[in-house]
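Please treat every number below as a calculation from the coordinates, not as lab data. Since this is a predicted model, take the numbers as computed values, not measurements. Methodologically, a virtual Cβ is constructed for each residue, glycine included, from the backbone with ideal geometry; neighbour enumeration extends over all protein chains shown.
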Amino acid sequence: MDLEKSLRGLRIVPVIEIADADDAVPLGHTLVEAGLPVAEVTFRTPAAAEAIARMVREVPGLLVGAGTVLSEADVDAAVDAGAHFLVSPGLNPAVVGRSNRAGVPIIPGVTSPTEIEAARALGLRLLKLFPAEAVGGLPLVKAFAAPYPDVTFMPTGGITASTVEAWLDAPNVAACGGSWIATKADIAGRRWDDIRSKASQAVRLASPSVASS
Ligand SMILES: O=C[C@H](O)COP(=O)(O)O
Ligand SMILES: CC(=O)C(=O)O
C-alpha cells in the first residue's frame, strides 16, 4: 500500500476514541457510506484493538489506522488487530523500529526541525504534525516546505471543519486528522446520522471543486 497516496486521496482522517467495540462496525459503515472510508482508532481506550479488528474484518473498503501508538506493545496489538497503518503523537525510535519490522507503515508526530531530521534519519517521509494548531499552525507547516521538500505532513490537533480547507491548500499537507467528525460523545451516543453528515461535509471540504459548485 502507498499510504501517502491513499491519504492524499482521502484528505481528512477522522480520529476516533471508542469506548465500546460494539460501536466499531456501525461507525465504520457510517464513514464508508459518507464517502470518507478511513478511521484512525486511538489506543486511548481498552476497546481500541478489538474495534480495529472488527472494522478490518467487517467493514470492506475502510482504511483502518491505529492511533496513540506509544509502545512496542501497542505496535504489536495494533498489528495483530490488522491495522493498515499506525500513528503516534511523538517520535519514538523503538516504536518506529517495531513497526518497520512488522511491515506496517507508521506516521509519527513531530513539532520541530530537530524531530523532522530524526524522523528522516529513520527513513520516514510522511509525518504527523501534532498538536498542529498549538505548535504553530499553518505558518509552521508551510515553513517546513523549503528545508524539507521531501517531507509531507498529516497535521492533527485543533483542526476543525472551519480551518481544514486552508490546511489542505498547503502542498506539503497530505491529509489532516481531526476528532470533530466523530467525537467521543457522538460515538457513545450512537449518533450515526450526525457523524454521517459531518463526514459528508468533510468530503465536500476536501474537494474544492465540489465545495465551490
Ligand atoms: O488528541 C488529539 C486528537 O488526536 C485529535 O485532535 P483534535 O481532537 O483536536 O481534533
Ligand atoms: C494525537 C496522536 O497523534 C495520536 O493520538 O496518535
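Annotations
- Under 5 Å between amide hydrogens, built in the peptide plane, is the criterion, and for Leu129 it picks out Val110, Met154, Thr156 among residues at least 5 positions away or on other chains.
- Remark on the chain: ratio of C-alpha radius of gyration to 2.2 N^0.38 Å is 0.95.
- Cα gyration tensor category, rounded, prolate or oblate, for segment 86-195 with a/c compared to 1.5: oblate
- The chain, relative contact order [Cα under 8 Å, separation at least 6], %: 22
- Taking Ala119, Ala199, Ala166 as the candidate residues, the one with maximal mean-square fluctuation in a Gaussian network model of the chain, Cα springs under 10 Å, is Ala166.
- Bridging of Lys184 to lysines at a Cα separation below 25 Å is possible for Lys128, Lys198, once same-chain residues fewer than 8 apart are set aside.
- Highest average packing first - 186-198, 37-49, Cβ atoms within 10 Å: 37-49, 186-198
- Residue among Pro105, Pro14, Pro147 with the largest mean-square fluctuation in a Gaussian network model of the chain, springs linking Cα atoms under 10 Å: Pro147
- For the chain, calculated [θ]222 nm from helices alone, where every DSSP H run of n ≥ 4 adds -39500 (n - 2.57): -12500 deg cm²/dmol
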